[in-house]
Amino acid sequence: MTTVYDFSVKKTNGEELSLDAYKGKPLIIVNTASKCGFTDQFKDLQELYEAYKEDGLVVLGFPSDNFNDQEFDDINKTVEFCQLNYGVTFPMFEKIDVKGVEASPLFSFLTSEKKGMLTEGIKWNFTKFLVNREGHVVERFAPQTSPLKMKKKIESII
């Protein structure tokens, strides 16, 4: 059975990373954007990361420019923006596509595991996937759902 650990992604420096590196840890995987109405969610994602990282939780941020050109072209600007404005210390990755024919294999997998209310695919920035310690997607949260509303579900898997 396929899990998120079967995928590799690119770090912001272009280096390949197997998600197997996070084996045994609960994860929040989220597509992000620096110039979106939901960008303030970085603050809440960072709060969750800090609150639960001792329990193993890791937030993985994947910048995407699939929706109305809301991400910087330069990944270094994205990372700097997130750190300076929201204190982000959780891992951020290379900018990717999260929908369409160019969608990253990871996000194609995530959306096939947990479909959205109206569509299987990602419909906007800050779609959040909660993954258990075994690498299985247990919940999908809509872009408008505050990350802080994920607390009970996070606590059930840590």
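With the Cα gyration tensor of segment 4-101 giving a ≥ b ≥ c as the square roots of its eigenvalues, does the rule (a/c under 1.5 for rounded; else a/b larger than b/c for prolate; else oblate) give rounded, prolate or oblate? Oblate. Partners of K10 within straight-line reach, counting aspartates and glutamates whose Cα lies under 12 Å from its Cα and excluding those fewer than 8 residues away in the same chain: E94.
Dimensions of segment 1-41 from C-alpha coordinates, computed as largest minus smallest value along each principal axis and given longest first, are 36, 23, 16 Å. Here the sum of -39500 (n - 2.57) over DSSP H runs of 4 or more residues, divided by the residues of the chain, equals -7500 deg cm²/dmol at 222 nm, to the nearest 500.
Couplings 3J(HN,Hα) for segment 87-94, derived from phi with the Karplus relation 6.51 cos²θ - 1.76 cosθ + 1.60 (θ = phi - 60°), are x, 5, 10, 6, x, 10, 10, 4 Hz, where x marks Gly and Pro. Rounded to the nearest 20, the size of the Cβ-charge dipole of segment 1-144 about its Cα centre is 320 debye, with Lys and Arg at +1 and Asp and Glu at -1.
Annotation for segment 31-119: trypsin sites (Lys or Arg not before Pro) lying in DSSP loop with at most 11 further Cβ atoms inside 10 Å of their Cβ are K115.
Listed by chain and number, the aspartates and glutamates placed with their C-alpha closer than 16 angstrom to that of K43 are E80; residues fewer than eight positions away on the same chain are left out.
Taking every Cα-Cα distance in segment 18-73 and sorting them into 10 Å bins from zero, the calculated P(r) comes out as 23, 45, 28, 5 percent.
Ranked by the mean number of other Cβ atoms within 10 Å of their residues, highest first, the peptides 84-93, 121-130 fall in the order 121-130, 84-93.
Take every DSSP beta bridge whose two residues both sit in segment 23-158; close to 50 percent of them are antiparallel. The accessible surface of the chain, taken with every protein chain in place and a 1.4 Å probe, is 46 percent carbon and sulfur. Using every pair of separate Cα atoms, the Kirkwood estimate puts the hydrodynamic radius of segment 23-158 at 14.8 angstrom. Ignoring the sites themselves, the chain has its longest run without GluC sites (Glu not before Pro) in a DSSP loop having at most 10 other Cβ atoms within 10 Å at 16-101. Per residue, the accessible area of the chain comes to 49 Å² when a 1.4 Å probe rolls over the protein heavy atoms. Once the Kirkwood radius over Cα pairs is known for segment 62-112, the Stokes-Einstein relation at 25 °C and 0.890 mPa s delivers a diffusion coefficient of 207 µm²/s.
The values are calculated or read from the model by the stated rules, or taken from the named source; none is laboratory data. Because the structure is predicted, anything quoted here is derived from the model rather than measured. Don't worry about glycine lacking a Cβ; one is built from the backbone with ideal geometry, like all the others, and counts go over all protein chains shown. Accessible surface is based on the protein model in full, side chains and every heavy atom, while ligands, DNA and RNA are left aside. Shrake-Rupley method; radii C 1.70, N 1.55, O 1.52, S 1.80 Å.
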